[in-house]
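**Student:** Pasting a structure here, questions to come.
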Amino acid sequence: MCGRYALTATPRDISEFFGLLDLDDFPARYNIAPTQPILVVAASERAGPGSNLPERRAFLARWGFLPGWVKDPKEFPLLINARSETAIEKASFRAAMRHRRILIPASGFYEWRRPPKETGVKPQAYWVRPRKGGVIAFAGLMETWSSADGSEVDTATIMTTRANAAIRHIHDRMPVVIQPEDFERWLDCKTREPREVTDLMRPVQEDFFEALPVSDLVNKVANMGPELQKPVAVASPEEEPPKKPKPDQSQLSLF
């Protein structure tokens with residue numbers, strides 16, 4: 001799962017990485033949450049051979065996918081993630097997998113290791129970032145949802161896959177990362193069917209990410225500063241003390 005992520009790269013770095021026209025200036029975002037507008041990249045509608053238009057365009061979409069057939073968003077679950085293993089067949093994502101594959105720029109994402117409740121150990125947040133730094137591209141899907149009054153909103157979801165060894169001790173899922181050499185193939189929805197890009201929806205190489213424990217500041221959407229990514233010291237899973245059992249009431253002395 002991916003429920004929070006960050007995009008702290010400069011607009012210029014993002015433009016160069018994705019082959020875009022220069023983006024308007026915007027601030028670093030350290031705590032991007034569902035329902036917020038996010039930057040997405042899609043293939044552009046080029047005029048034809050010799051066109052000076054860029055191959056890709058960037059725009060904002062709401063993080064929380066809405067299939068076109070949804071009547072009332074209030075009665076539909078918020079689809080912030082799409083499982084790559086089932087997206088081709090699932091009714092919610094089938095059309096988007098065929099026609100509206102996108103890239104979602106990111107600097108990294110947050111994940112929580114949640115021990116069993118009976119242990120009494122609090123969840124631990126981690127900032128997961130590429131070891132070499134820089135911008136990365138999550139695989140995503142988009143849909144333009146139209147309401148009954150004719151208004152439209154672009155919506156998006158982040159695709160996930162099984163976690164690799166670097167993340168598995170934290171969570172069993174992670175975002176699908178698309179490498180720059182595969183951008184064109186992933187975004188080409190005109191000539192490439194979903195089955196032709198399934199090989200891209202796999203866990204990234206084992207040494208791509210590093211996971212740093214951080215404080216629980218990221219739990220609150222209102223916290224948006226760089227302090228969210230400051231590493232903290234935590235006990236390893238083996239060092240965490242088990243929850244103390246409650247005393248047996250029948251054995252308590254009255255004196």
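**Student:** For the range 107-211, what class follows from the C-alpha gyration tensor (a ≥ b ≥ c being the square roots of its eigenvalues): rounded when a/c is under 1.5, otherwise prolate if a/b is larger than b/c, else oblate?
**Tutor:** oblate
**Student:** Please state the shape class of the range 1-108: rounded when a/c is under 1.5, otherwise prolate if a/b exceeds b/c and oblate if not, all from the C-alpha gyration tensor.
**Tutor:** oblate
**Student:** Quick one: how many lysine pairs does the chain have with C-alpha atoms less than 25 Å apart and a gap of 8 or more or different chains? Give me the count, please.
**Tutor:** 15
**Student:** Express in nm, to one decimal, how much length is gained between Arg94 and Ala28 on full extension, taking 0.36 nm for each residue of separation and deducting their alpha carbon distance.
**Tutor:** Length gained between Arg94 and Ala28: 20.5 nm.
**Student:** Now, a different point. Please compute P(r) over all alpha-carbon pairs of the range 24-169, binned at 5 Å starting from zero, and give each bin as a whole-number percent.
**Tutor:** Bins of 5 Å from zero give 2, 8, 15, 18, 18, 16, 12, 7, 3, 1, 0, 0, 0 percent of pairs.
**Student:** Calculate the all-directions average of the projected area of the chain's alpha-carbon convex hull, and give it in nm².
**Tutor:** Here the figure is 19.2 nm², rounded to one decimal.
**Student:** At a probe size of 1.4 Å, how large is the accessible area of Asp216, to the nearest 10 Å²?
**Tutor:** The value for Asp216 is about 90 Å².
**Student:** Note down the accessible area of Val153, probe 1.4 Å, to the nearest 10 Å².
**Tutor:** 50 Å²
**Student:** Still on this structure, I have one more. Residue-wise, which Karplus ³J(HN,Hα) couplings in Hz belong to the range 214-226, taking 6.51 cos²θ - 1.76 cosθ + 1.60, θ = phi - 60°, and x for glycine or proline?
**Tutor:** With coefficients 6.51, -1.76 and 1.60, one gets 10, 6, 7, 4, 5, 5, 9, 4, 5, 7, 9, x, x Hz.
**Student:** Residues of the chain: accessible area per residue at 1.4 Å, in Å²?
**Tutor:** Per residue, the chain has an accessible area of 56 Å².
The values are calculated or read from the model by the stated rules, or taken from the named source; none is laboratory data. Note that the structure is predicted; figures quoted are calculated from it, not measured. Ligands, DNA and RNA are stripped out before the accessible areas are found, and what is left, the full protein with its side chains, is counted by its heavy atoms. Shrake-Rupley method; radii C 1.70, N 1.55, O 1.52, S 1.80 Å.
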